[in-house]
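Participant: One structure follows; several queries about it will come next.
Where a number appears in this text, it was derived from the coordinates with a stated rule and is not lab data. From a predicted model like this one, the values you see are computed outputs, not experimental measurements. Don't worry about glycine lacking a Cβ; one is built from the backbone with ideal geometry, like all the others, and counts go over all protein chains shown.
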Amino acid sequence: MIEESSRDTASDAEFADLFRRFLTGVVNRAPASGSVRTPLGDRISEHLGVDARTLAMVEESFASHRMADLDAGFAAIGAGEGVLIGVSGGQQKRFVGLPDLLVNDATAFAEAPVDYVSVDVGPGEQRNVVAFGVRLLSIDGAPVAVLQRSADPQHGRVQASVEVLASEQSTSSTLIDRLRSAMNEHSVLRGQVISFSASTFDYGNGTLTFLARPVVPAESIVLPPGALDRVRAHAIGIREHALRIREGGGHLKRGVLLYGPPGTGKTLTVSHLISEATGITTIVLTGQAIRFISEATQLARAMQPSMVVLEDVDLIAGDREMYGGPQPLLFAVLDALDGFEGDADVAFVLTTNRVELLERALVERPGRVDLAVEIPRPDRDARRRLFALYAERAPFSASAVQTVADQAEGVTGSFAKELVRRALLRAAIADRAVDDADLLAVSEELEHDRESLTRRLVGGDPQPDDSAAGDVGLSASWP
Ligand SMILES: Nc1ncnc2c1ncn2[C@@H]1O[C@H](COP(=O)(O)OP(=O)(O)O)[C@@H](O)[C@H]1O
Ligand SMILES: [Mg+2]
């Protein structure tokens, strides 16, 4: 071999020189992975004080509705003293992880403006938050680099995430722990009223919506004497004694069930509770949206004090769990209630028109609901109060209001409201001021309609099995 090589010394030397220069270049530019570092990789490595390509990444995902909380959380853990940079490379950067942004396979990812996205942070309120940006900061003096990335469901990224690089993995874990608790503490969801609903791109996670907190005073609700106070005291009032209850080893977690025929004021009662629960994070799931129970309970746990309202629970009583489990969704919901620690400051409020569908589930899983209150059709006294309430602003005589209230046996609260509306409408159509005659006339009309659909639609038809609602074995106070 030596002889052979000596035959062509000049070209061998040239090749050797070329090869050596090539190797030197490789060694200098990429000591670890043998690839070329991008300008972004240089910038991050410079911050970390080591070649970023040699570090293991720690990734953490967050529900898409926590994107504003990510910004708030980073601010709270001191990211403001660090720098935030964007990344070049258009859409391409969205399809690769942080380690891929550090090496130049096809694209020389470099520093560029930060991408932002507008997200809801309150009812009718938006804020621009980081959609794609690299934060260079330090945790207890140790440098850390974090890629903060928004959810991008159209491209298959259902969750937001952070990808963390630091020379010690423990630094990355510390950052994530602190970020999580700062996000919960400073969450834009805290103290808000929110609901989940299904949408095209949510991949089953539900889309979060902020609701305005309703204003429903106690005076606008007519219930059997003491019922509203009991519900309110249990759902909200207990909190005043939180300290003593916890000290005594008692549990704060509580479940209230409101049951009764449709149109009797269950939703109205819930709205009143929500209106009284200022400062309490409230999550409302109605009917089919109850399948987002795990998102709701996760938030409820993180945002204590909290209240989870499950409206019309009977609508899911027959549903199987999402992923084909043998277990009805209702049982999953009750298990979710049980998943809370006893001292969790969380109230569950359930409503149903058909308590008989829930009874077995509730009895088989005792302790989830510890107060069940019937919201019945109004009796004569309640009807008089109801009709007086809805006729308050109309110029009817007290005796006319009382007459129609007494006639309206078996109706619901919604019927009283509808009757007054009809009287007003009748006068308006005749183009004159409303008076007792209108009220009595529409009452007569609906009285004659007793069997008709119209009457049933406005809540005026007592169902044959109504009386059973209060007699299904649900004691008012669950043991
Ligand atoms: N007990 C009540 N007191 C006052 N208004 C009532 C009552 N029940 C029903 N209403 C009226 O009827 C409407 C519908 O009642 P809602 O609370 O939705 O019934 P439910 O949830 O029990 O089916 C309410 O918004 C309210 O205007
Ligand atoms: Mg309702």
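Participant: At residue 241 and residue 36, where each label point lies 7 Å from the Cα along Cα→Cβ, what is the point-to-point distance in nanometres?
Facilitator: Those two pseudo-labels are separated by 7.3 nm.
Participant: How big is the gap, in Å, between the Cα center of the stretch 139-156 and the Cα center of the stretch 33-78?
Facilitator: What the calculation gives is 6 Å, centre to centre.
Participant: How big is Rg to Rh over the stretch 33-116, alpha-carbon atoms, Rh as the Kirkwood inverse-mean-distance radius?
Facilitator: Working: Rg = 13.8 Å, Rh = 14.2 Å.
Radius of gyration over Kirkwood radius for the stretch 33-116 works out to 0.97.
Participant: Here is a follow-up. Could you give the Stokes-Einstein D for the stretch 318-429 in µm² per second, using the C-alpha Kirkwood radius, 20 °C, 1.002 mPa s?
Facilitator: 121
Participant: Checking the cross-link filter: which aspartates and glutamates have an alpha carbon closer than 14 Å to that of residue 417, excluding same-chain neighbours under 8 positions apart?
Facilitator: 392
Participant: Right, another one. Taking H as built 1.01 Å from N, whose amide H comes closer than 5 Å to the amide H of residue 112, not counting residues under 5 places away?
Facilitator: Distant-sequence amide H within range of residue 112: 86, 87, 88.
Participant: If the label point is 7 Å along Cα→Cβ of residue 218, which residues in the stretch 248-287 have backbone nitrogen under 16 Å from it?
Facilitator: Within reach of a label on residue 218, which here means backbone N under 16 Å from a point 7 Å along Cα→Cβ, the stretch 248-287 contributes 269-278.
Participant: If the convex hull of the alpha-carbon atoms of the stretch 111-154 is projected onto planes in all directions, what is the mean projected area in square nanometres?
Facilitator: Mean orientational projected area (the stretch 111-154, Cα hull): 4.7 nm².
Participant: Helix-only mean residue ellipticity at 222 nm, the chain, DSSP H runs n ≥ 4 weighted -39,500 (n - 2.57), per residue, nearest 500. What is it?
Facilitator: Per the formula, -11000 deg cm²/dmol.
Participant: Residue separation times 0.36 nm, minus the C-alpha to C-alpha distance between residue 453 and residue 388: what's the value?
Facilitator: In short, 20.8 nm is gained.
Participant: Give me Rg over Rh for the stretch 202-247, both radii from the alpha carbons and Rh done the Kirkwood way, two decimal places.
Facilitator: The Rg/Rh ratio comes out at 1.17.
Participant: State the three equivalent ellipsoid semi-axes of the stretch 273-354, derived from the C-alpha gyration tensor as the square roots of 5 times its eigenvalues, in descending order and whole Å. It would help to have the intermediate numbers written out before the result.
Facilitator: Numbers: eigenvalues 96, 43, 19 Å².
Those come to 22, 15, 10 Å.
Participant: Please give the direction-averaged projected area of the C-alpha convex hull for the chain, in square nanometres with one decimal.
Facilitator: Quarter of the Cα hull surface area: 34.4 nm².
Participant: Inverting the mean 1/r over all pairs of different Cα atoms, compute the Kirkwood radius of the stretch 193-374 and quote it in Å.
Facilitator: 16.6
Participant: Oh, and also: Among 390, 116, 259, rank each residue by its count of other Cβ atoms within 10 Å, from fewest to most, as a rough exposure measure.
Facilitator: Going from sparsest to densest Cβ surroundings: 116, 390, 259.
Participant: With viscosity set to 1.306 mPa s and temperature to 10 °C, compute the Stokes-Einstein D of the stretch 39-185, Rh being the Kirkwood radius across alpha carbon pairs; µm²/s, no decimals.
Facilitator: Diffusion coefficient, whole number: 104 µm²/s.
Participant: Round to the nearest 0.05 the FRET efficiency obtained for residue 56 and residue 108 when R0 = 35 Å and r is the Cβ-Cβ distance.
Facilitator: Efficiency computed from Cβ-Cβ geometry: 0.90.
Participant: Could you tell me the extents of the stretch 380-457's C-alpha atoms along the three principal axes, largest first, rounded to whole Å?
Facilitator: Rounded to whole Å, the extents work out to 31, 26, 16 Å.
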